[in-house]
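The values are calculated or read from the model by the stated rules, or taken from the named source; none is laboratory data. Keep in mind that what you see is a predicted model, and the values were worked out from it rather than measured. Here the Cβ positions follow ideal geometry from the backbone for every residue, glycine too, while neighbour counts run over all protein chains shown.
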Amino acid sequence: MIFELSERERSALEKNLARLERAVSRDERLNSASLNSFGEDFLKARGIRRLDPSRYESDPYFRSLMGLRGKKKGKSRLGWEKIGARHPFLYAEERSDDNDPFKVEQPYGYFAEDFLFPAISKEGTVWMSLCPHEIETMAFAASALSGRILVLGLGLGYFPYLLSRKESVTEVVVVDSDPEIIELFEEELFPRFERKEKVTIVNSDAFAYLSRSRRKFDGVFADLWHNQEDGLPLYVRLRNALDKREAKCFYWIEGTILLYVRLGMAILIGEELRFGKESDLPYGFAETQSDRVINQLHFLLKGTVINSERQIDDLLSDASISRLAAKLKL
């Protein structure tokens with residue numbers, strides 16, 4: 001990128017980039033603090049919201065799992081995990097604010113007492129769960145879909161459960177590649193579905209299924225990743241595979257994934273603003289995925305002249321970041 005900004009515009013941009021960096025630093029600090037318990041005054045002073053556990057325990061699927069006993073299948077274990085009392089955690093989707101491209105929405109909360117939630121872990125690491133974040137981040141897509149729905153990724157079956165209860169949903173096809181997860185689900189969780197006749201489970205790789213299946217669906221929900229970093233490459237592949245289909249598509253934590261790309265863009269803007277001239281040299285090597293994202297954004301935007309604040313806002317908008325994310329090769 002080539003920056004042709006006035007001194008005032010350059011100064012404003014530098015301040016906005018610093019503001020975004022502070023938001024990212026806050027997120028890193030709170031993530032690091034999630035293993036610790038703090039006083040409520042300390043948490044509230046930092047804008048961390050006290051959550052009502054009944055909001056999640058009253059969820060119909062959560063209620064149906066009460067009394068669930070631990071069970072192991074191969075390397076996978078179904079059981080209960082804990083959020084400690086007064087431990088800060090991200091309870092909803094972290095995402096950008098399209099009205100202010102340098103602002104990050106960071107919904108952190110805490111419970112006054114220990115909170116238990118069902119989860120599946122592999123070798124001691126939680127891979128899928130019914131924690132508050134899962135409940136919050138799946139609600140909108142579940143409410144928006146109807147008809148015949150394809151779900152990529154089974155997890156604990158929460159999303160298929162939500163769909164199966166809707167009268168407007170006629171069929172749910174769930175694709176998952178992990179036979180252990182499917183067995184645990186079918187033995188311990190699927191019997192708790194009130195409308196299980198709507199749901200079909202297919203043991204397959206998601207991309208293999210998409211390449212061979214010619215079935216038409218009214219909607220698709222994809223949840224094949226653990227977080228935004230491992231999710232970005234899969235998200236890009238799925239966007240390229242699903243954008244050609246006539247279906248309403250939702251991707252779990254899409255806003256957070258796009259925020260990850262937006263932060264890479266912000267880093268690139270800050271670097272090229274400091275360089276004073278466009279150069280490919282710093283973008284020829286990558287040690288991390290974040291490096292690869294920044295490097296590719298550099299080459300995608302090479303030669304772009306930035307001469308106004310409005311142009312920067314447009315470049316960092318959700319629509320722009322979404323288009324650029326689809327072009328990444330990770």
| request: Considering only segment 182-197, state which residues are without any contact (Cβ under 8 Å) to a residue 40 or more places away in the chain and of a type in the set (Lys, Arg). | output: Arg195, Lys196
| task | Please state which one of Phe217, Phe190, Phe185 is under 24 Å from Leu152 (Cβ atoms) and in contact with a helix residue (DSSP H, G or I) (Cβ under 7 Å, 6 or more places away or on another chain). | result | Phe190
| Can you tell me which residue in segment 180-218 is surrounded by the most Cβ atoms within 10 Å (Cβ to Cβ), limited to those that are of a type in the set (Lys, Arg) and either assigned to a helix (DSSP H, G or I) or assigned by TED's automatic domain parsing to the domain that holds Pro60 (or both)? | Lys198
| From the list Arg46, Arg19, which one is of a type in the set (Lys, Arg), outside the structural domain of Leu116 (by TED's automatic domain parsing) and more than 29 Å from Ala142 (Cα to Cα)? | Arg19
| query | How many of the residues in segment 227-256 are among the basic types (Lys, Arg) and more than 21 Å from Ala142 (Cβ to Cβ)? | reply | 2
| Does any residue of segment 9-26 turn out to be surrounded by fewer than 14 Cβ atoms within 10 Å (Cβ to Cβ) and farther than 30 Å from Ser317 by Cβ? | no
| message | Yes or no: segment 292-299 includes at least one residue that is under 21 Å from Glu105 (Cα atoms) and within 21 Å of the chain's Cα centre (by Cα). | response | no
| message | Return the residues of segment 251-306 that are in a helix (DSSP H, G or I), in contact (Cβ under 8 Å) with a residue 40 or more places away in the chain and among the hydrophobic types (A, V, I, L, M, F, W, C); say none if nothing qualifies. | response | Ile257, Leu258, Leu259, Val261, Leu263, Met265, Ala266, Leu268, Ile269, Leu273, Val293
| query | Which pairs do you get when a residue that is in the same structural domain as Arg69 (by TED's automatic domain parsing), found in segment 114-134, comes within reach of a residue that is among the polar types (S, T, N, Q), reach meaning Cβ atoms under 7 angstrom, with the pair 6+ apart or on two chains? | reply | Phe117/Ser129; Pro118/Ser129; Ala119/Ser129; Ile120/Ser76; Lys122/Ser76; Trp127/Ser121
| message | What are the pairs with Cβ atoms under 6 angstrom where one residue, in segment 198-222, is free of Cβ contacts under 8 Å to residues at least 40 places away in the same chain and the other, located anywhere, is surrounded by fewer than 14 Cβ atoms within 10 Å (Cβ to Cβ) and of a type outside the set (A, V, I, L, M)? Sequence gap at least six, or different chains. | response | Asn203/Pro179
| said: Test of understanding: among Phe217, Phe250, which residue is under 19 Å from Arg323 (Cα atoms) and of a type in the set (Phe, Trp, Tyr)? | reply: Phe250
| message | For segment 182-223, give me the residue count where each residue is of a type outside the set (D, E, K, R) and touching a strand residue (DSSP E or B) at 6+ places or on another chain (Cβ under 6 Å). | response | 14
| note | Residue hits (segment 137-172; out of contact with any helix residue (DSSP H, G or I) (no Cβ under 9 Å at 6 or more places or on another chain) and crowded, with 17+ Cβ neighbours inside 10 Å) are Arg148
| task | Scan the helices (runs of 4 or more DSSP H) fully inside segment 25-91 and keep the ones with 2 or more residues being closer than 26 Å to Lys122 by Cβ and modelled with pLDDT of 95 or more. | result | 54-57, 60-64
| In segment 307-320, what count of residues is obtained for those that are exposed (fewer than 15 other Cβ atoms within 10 Å of the Cβ) and either outside any helix (DSSP H, G or I) or aliphatic (A, V, I, L, M) (or both)? | 3
